[in-house]
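Derivation of every value follows stated rules applied to the coordinates shown; laboratory data play no part. A quick note: this is a predicted structure, and the numbers were derived from the prediction, not measured. A quick note on method: Cβ atoms are made from the backbone with ideal geometry, for glycine too, and the neighbour counts reach across all protein chains shown.
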Amino acid sequence: MDIVKHIKQHTENLQIVCGRLTAAQLKELKPAVMGFYYQLPGFEAVINKYIKISITKEQLTDDIVNGNLESYQTAIQKTNAEMDEYADDYEEPEALDIFILEALDNAVADTDAANLVSLFTGVINTLDYYENFSDEPGYWNNLLEQELAFQHEILSTVESNKPLSASVYQERYANVDFTAL
C-alpha cells in the first residue's frame, strides 16, 4: 500500500467529514482523541514544562467537555509570546513534546473542524514518528495503517449519531508501549 497517498486521501476525507459535524459532535470528539495523547510519555510534565501550568488528564478532559478553556488558551498565548527561538537558552522541544503541545493547543481551541482534523492527523504523525525512529518499524506501520480505518470508524459512528465512548483511544492503545525514542 502507498501509505503516503492513502494518508493524503484520508486527511482530505477527515476535512470533509469533520466539516459536516455539528459543534456538539466536534466537542464530543476532542476529549476522546486526546485519550491517545494522554498515553504519550510525560504528557503532564511536558505541559508543565512548556506551558507552565499543572494539569491532570482528568481535569483537562473535564475542562474540554465543560468548555472551561480560557485559562489554557491564555497560558498558551503567553508561552508563545515569550518564546524566543534565538535566545541562547532556547531549548528545542523533542518531537513527542511538540505532538503533545500541538494536541493541547488544538484541544483547547475554539471548537471547529480544523482543530479536530489536526488532532486526528497528529495521531497519524505520532505513529509515523514511531515507525521512522523505533527499532520496530513494521509494528508501528501496522498500527498506523489500522489507525486510518479506526478514525474512519469513529467518524462514521459520530456522524450517524451513535454513542461514542470517551475512552475509545485510551482503550485502543492501552497495551501499546509509547516509550521515548
Gap separating the Cα centres of segment 135-181 and segment 76-117, nearest whole Å: 23 Å
Under a plain spin-label model, where a point goes 7 Å from the Cα along Cα-to-Cβ, how far apart in nm are His152 and Val176? 1.8 nm
For segment 67-73, what does the Karplus curve 6.51 cos²θ - 1.76 cosθ + 1.60, with θ = phi - 60°, yield as ³J(HN,Hα) per residue in whole Hz, taken in order and with x for Gly and Pro? x, 8, 10, 4, 5, 5, 4
Karplus ³J(HN,Hα) for segment 127-132 (6.51 cos²θ - 1.76 cosθ + 1.60, θ = phi - 60°; Hz, whole; x = Gly/Pro) runs 5, 5, 4, 4, 4, 6
Using the Kirkwood radius built from alpha carbon pairs, what does the Stokes-Einstein equation give as D for the chain at 10 °C and 1.306 mPa s, in µm² per second? 93 µm²/s
Debye log10 I(q)/I(0) for segment 1-43, one point scatterer per Cα, at q = 0.18, 0.28, 0.32 Å⁻¹: -0.73, -0.90, -0.95
Radius, Kirkwood style, for segment 1-100 when every pair of distinct Cα atoms is counted (Å): 16.0 Å
Length-normalised contact order of the chain in % [C-alpha pairs under 8 Å, at least 6 apart]: 35 percent
Shape call for segment 47-99 from the C-alpha gyration tensor, a ≥ b ≥ c root eigenvalues: rounded (a/c under 1.5), prolate (a/b greater than b/c) or oblate? prolate
Toy charge model, Lys and Arg Cβ at +1, Asp and Glu Cβ at -1: the chain dipole around Cα centroid in debye, rounded to 20, equals 820 debye
